[in-house]
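Here is the structure we will look at.
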Amino acid sequence: MHQKRKIINDPVFGFITIPNEFIYKLIQHPFLQRLNRIRQLGLAAFVYPGAQHTRFHHSIGAMYLMDEALHHLRQKNNVITEEEYIGALSCILLHDIGHGPFSHVLEHTLVTKVQHETISLLLMERLNKEWGNQLEVCISIFKDEYPKHFLHQLVSGQLDVDRLDYLRRDSYFTGVTEGNIGSARIIKMLDVRNDKLVVESKGIYSIENFLTSRRLMYWQVYLHKTAVAAEKTLVNTLMRAKELAQNGVTLFASPSLSYFLRNDANEQDFRENAETLNLFLDLDDNDIWSALKVWSTHNDIVLSTLSKALIDRRLFKIDISRLPHRPDKIDTYVSKLMRHFNISEKEARYFVSSDIITTDMYNENDDSIDILYRDESIRDISEASDMLNIDLLSKKVEKYYFAYYKID
């Protein structure tokens, strides 16, 4: 019997057809559906109210772009078997399932020293076992162990479909038009040489726009100072909650959140204790917001003040400079907080955060973007572009911030 086609109406790419029953089954799995409850941009909605899209939206969009990329590569006589096609689509769908609440914001707070990619792989391996090894190719591509390296590049590389989707999607939902890259043209220009992705020379202007847009999106959205301030407010709130919970204070929390507040789960816990992974799967943004609402009336002045600050959008203020902030400046403000709240220095330091923001947009030594010319010669974008200042794009930008709770 002919299976009815499943179609998703996506605001960025329009109607997306789910290619087959296996991919539909994967999308329906709880591992993927959990991503509906995790915001793609963490706390960026404090700056851009429209940024309410989720990791699930992003995964579906990335799957669509992967489908398009594989289609165009096949048209250019690159051999991609049906098994590899399904494996690559599965891989990009599952690449984000290891994210915790608010995506990157709490990656080293609730779960310390464990990257979300590691958790994603553990979940893929669990699903593979449940489904009778049907995800072997997917996992091999994810780990960059599959013989065709270019398939891994489509999942994780300078021009991966992950980036092509999130730049378009984040631009759309934030309203920051500078991130609206020409993803369709870039994908049409892709080809493979020596098992590496290359871009046909007529697509060079789209690549230049992609790199410039990515740089602008980082400073206008991902590292926007108010978004950073909101993140530091939340991180310090959770750190205070962890300290209280580990000292025996009873806090309102869902079972999954309570576990990660009371325990510093490491990679070994995730690998050897199935319950740790199960509890992580129960965590999403809702656990945090529910706890914050209750904590805002807790008798601990630090926890309640910080929680209420997030609920009422009274975020940390933030000063950013090119040079490190002087320790005496921070110490002076900590002393003011101690007097204002009548608390200890240790408690007062939860109301401040000082760190460094770094980013570099392109590193040709890491995973280059190669331009293919008609004579089959290949040049790195840093040599091929006559418009981009690659030295500027590849330069590591460092900014120092001091975030603090403003007292009246």
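Observations on the model:
- Residue satisfying all of: in the stretch 172-194; among the small types (Gly, Ala, Ser) and open to solvent by 10 Å² or more (accessible area, probe 1.4 Å); modelled with the lowest pLDDT among these: Gly182
- Inclusion of Ser140 among residues that are under 14 Å from the mean Cα position of the chain (by Cα) and of a type in the set (S, T, N, Q) is not warranted.
Condition check ((1) farther than 19 Å from Gln33 by Cβ; (2) open to solvent by 20 Å² or more (accessible area, probe 1.4 Å); (3) modelled with pLDDT under 95) across all residues:
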{"site": "Ile97", "(1), (2), (3)": "no, no, no"}
{"site": "Leu106", "(1), (2), (3)": "yes, no, yes"}
{"site": "Leu110", "(1), (2), (3)": "yes, no, yes"}
{"site": "Asn128", "(1), (2), (3)": "no, no, no"}
{"site": "Gly132", "(1), (2), (3)": "yes, yes, no"}
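- Looking only at the stretch 347-366, and only at residues there that are open to solvent by 20 Å² or more (accessible area, probe 1.4 Å) and of a type in the set (Val, Ile, Thr), the one that is modelled with the lowest pLDDT: Thr358
- Residue count for the stretch 240-254 satisfying the condition of being closer than 15 Å to Thr297 by Cα, open to solvent by 60 Å² or more (accessible area, probe 1.4 Å) and either touching a helix residue (DSSP H, G or I) at 6+ places or on another chain (Cβ under 8 Å) or assigned to a helix (DSSP H, G or I) (or both): 1.
- Within the stretch 367-379, if we keep just the residues that are under 27 Å from the mean Cα position of the chain (by Cα) and among the charged types (D, E, K, R), the residue that is modelled with the highest pLDDT turns out to be Asp370.
- Single residue of Leu26, Leu110 found to be at negative phi and within 18 Å of the chain's Cα centre (by Cα): Leu110
- If you check Ser213, Ser258 for being within 30 Å of Tyr373 (Cβ to Cβ) and of a type in the set (Gly, Ala, Ser), only one passes: Ser213.
- Options Leu323, Leu315, Leu310: the member that is over 27 Å from the mean Cα position of the chain (by Cα) and either in contact (Cβ under 8 Å) with a residue 60 or more places away in the chain or more than 30 Å from Phe46 (Cα to Cα) (or both): Leu323
- Close pairs from the stretch 40-61: first without any contact (Cβ under 8 Å) to a residue 12 or more places away in the chain, partner in a loop (DSSP other than H, G, I, E, B) and open to solvent by less than 40 Å² (accessible area, probe 1.4 Å), Cβ under 6 Å, at least 6 apart: Ala45/Ala51
- Phe280 meets the conditions (1) surrounded by fewer than 18 Cβ atoms within 10 Å (Cβ to Cβ); (2) aromatic (Phe, Trp, Tyr); (3) more than 21 Å from Asp312 (Cβ to Cβ) in every case but one. The failed one is (1).
- The stretch 18-57, residues that are out of contact with any strand residue (DSSP E or B) (no Cβ under 8 Å at 6 or more places or on another chain) and open to solvent by less than 10 Å² (accessible area, probe 1.4 Å): Ile23, Leu26, Leu32, Arg34, Leu43, Ala44
- The set of residues from the stretch 134-158 being open to solvent by less than 10 Å² (accessible area, probe 1.4 Å) and of a type in the set (Ser, Thr, Tyr) is empty.
The values are calculated or read from the model by the stated rules, or taken from the named source; none is laboratory data. The structure presented is a predicted model; accordingly, all values stated were derived computationally and were not measured. For neighbour counting, all protein chains shown are included, and Cβ atoms are generated from backbone atoms with ideal geometry for every residue, glycine included. Accessible surface is based on the protein model in full, side chains and every heavy atom, while ligands, DNA and RNA are left aside. Shrake-Rupley method; radii C 1.70, N 1.55, O 1.52, S 1.80 Å.
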